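J.: My structure is below; once you've seen it, I'll send some questions.
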Amino acid sequence: MKNIVVFASGSGSNFQSIIDAVESGKINARITGLISNKDGIKALERAGRHNIPTRILNESVFEDYQDYEKELLLQLAVWDTDLIALAGYLRKIPVSVINRYEHRILNIHPSLLPKFGGKGFYGIKVHQAVIASKEAESGCTIHVVTKEFDEGPVLEQSKVPVKSDDTPQTLAARVLEQEHILYPKVIANYLTTLD
Ligand code: GRF
């Protein structure tokens, strides 16, 4: 059975959808840990409720960035990580981790990449930009993480309409609903491709 490690920085509703899919057997894997860059977030509470080990790692507390990278790689090794699922993780993933886990890091992004991806497009800003550009549709994208931010190969997308009376919040909620369906499904399929 494969081991998934989730990275989250906030609410962790996508993390929850992965937990639920594992617990119901839709994903044939274990979640061996949660990495967060800060304390006090809801994702950590969710991990606690489901007995998932957690580790808070923030590069700012390390004198040397390389020490942070080493610590992160060590933790991932301890958790015997097969797949990393980024779920609303707002920090840069060190290149050493991307190299070590090549093709083994997935990300979910709340737009139809390549549109509204890259630097500055995160959280509500994505949905604000989609509405400001008068897009007829938006959605979410699951992609493999590479060194090029938000640019790795797309695995799957789900689309939703953008309504004329949408606010960034109503659009975010419509997209998030799709995220919770799509991410566990893609993870389950992707795991079958890993050796
Ligand atoms: C989601 O919209 C995800 O696409 C993006 O960050 C948000 C995280 O939400 N990367 P949550 O923490 O999973 O609720």
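J.: In Å, the Kirkwood hydrodynamic radius of the chain over pairs of distinct alpha carbons?
T.: Values: mean 1/r = 0.0588 Å⁻¹.
Final number for the Kirkwood radius of the chain is 17.0 Å.
J.: Taking 21 Å as the cut-off for C-alpha to C-alpha distance, list the pairs among K92/K159; K125/K159; K42/K119; K163/K185; K119/K147 that go past it. Intermediate values should be presented prior to the final figure.
T.: Details: K92/K159 26 Å; K125/K159 18 Å; K42/K119 25 Å; K163/K185 26 Å; K119/K147 13 Å.
Result: K92/K159; K42/K119; K163/K185 exceed 21 Å.
J.: Also, quick follow-up: Sort V162, V95, V154 so the one with the fewest other Cβ atoms within 10 Å of its own Cβ comes first. Numbers along the way, then the final one.
T.: Numbers: V162 20, V95 10, V154 14.
The order, fewest Cβ neighbours first, is V95, V154, V162.
J.: Compute the FRET efficiency between E102 and K134 as 1/(1 + (r/R0)^6), taking r as their Cβ-Cβ distance and R0 = 45 Å, and round to the nearest 0.05. Don't skip to the answer; put the middle values down first.
T.: Numbers: r = 38 Å, r/R0 = 0.85.
Efficiency, from the Cβ-Cβ distance: 0.75.
J.: Now, a different point. Cβ under 15 Å from E23's Cβ, E23 left aside: what net charge do those residues give with Lys, Arg +1 and Asp, Glu -1?
T.: On the way: positive: K26, R30, R46, R49; negative: D20.
After counting each charged neighbour, the total is +3.
J.: For a quick check, take a GNM of the chain with Cα springs below 10 Å and name the residue from G118, G40, G12 with the largest mean-square fluctuation.
T.: Its mean-square fluctuation being the largest, the pick is G40.
J.: How much length is gained if the chain between V61 and R49 is pulled fully straight, taking 0.36 nm per residue apart and subtracting their Cα-Cα distance, in nm to one decimal?
T.: Going from the current span to full extension adds 1.6 nm.
J.: Just report the Cα centroid separation between segment 142-195 and segment 26-41, whole Å.
T.: Spelled out, the Cα-based centre of one part sits 18 Å from the other.
J.: Starting with the fewest neighbours, write out I19, I124, I98 ranked by other beta-carbon atoms found within 10 Å of each beta-carbon. Spell out each step's value before the answer.
T.: On the way: I19 22, I124 13, I98 18.
In order of increasing Cβ crowding within 10 Å: I124, I98, I19.
J.: Under 5 Å between amide hydrogens, which residues at least 5 positions from L90 or on another chain qualify, with H placed 1.01 Å from N in the peptide plane?
T.: Here S9 satisfy the definition.
J.: Something else now. Name the residues whose placed amide hydrogens come within less than 5 Å of the amide hydrogen of T146, ignoring near sequence neighbours (fewer than 5 apart) on the same chain.
T.: Correct list: E151, G152.
J.: Taking neighbour counts of Cβ atoms within 10 Å as a proxy for exposure, in what order, fewest first, do F15, F7, F149 appear?
T.: Details: F15 28, F7 25, F149 14.
The order, fewest Cβ neighbours first, is F149, F7, F15.
J.: Additional query: Who wins for biggest fluctuation among I142, I41, I105 in a Gaussian network model of the chain, springs between alpha carbons below 10 Å?
T.: I41
The numbers here are math on the coordinates, done by the rules we state, and not lab data. Owing to the predicted nature of the structure, the values given are computational and were not obtained by experimental measurement. Cβ: placed from backbone, ideal geometry, glycine included. Neighbour counts: every protein chain shown.
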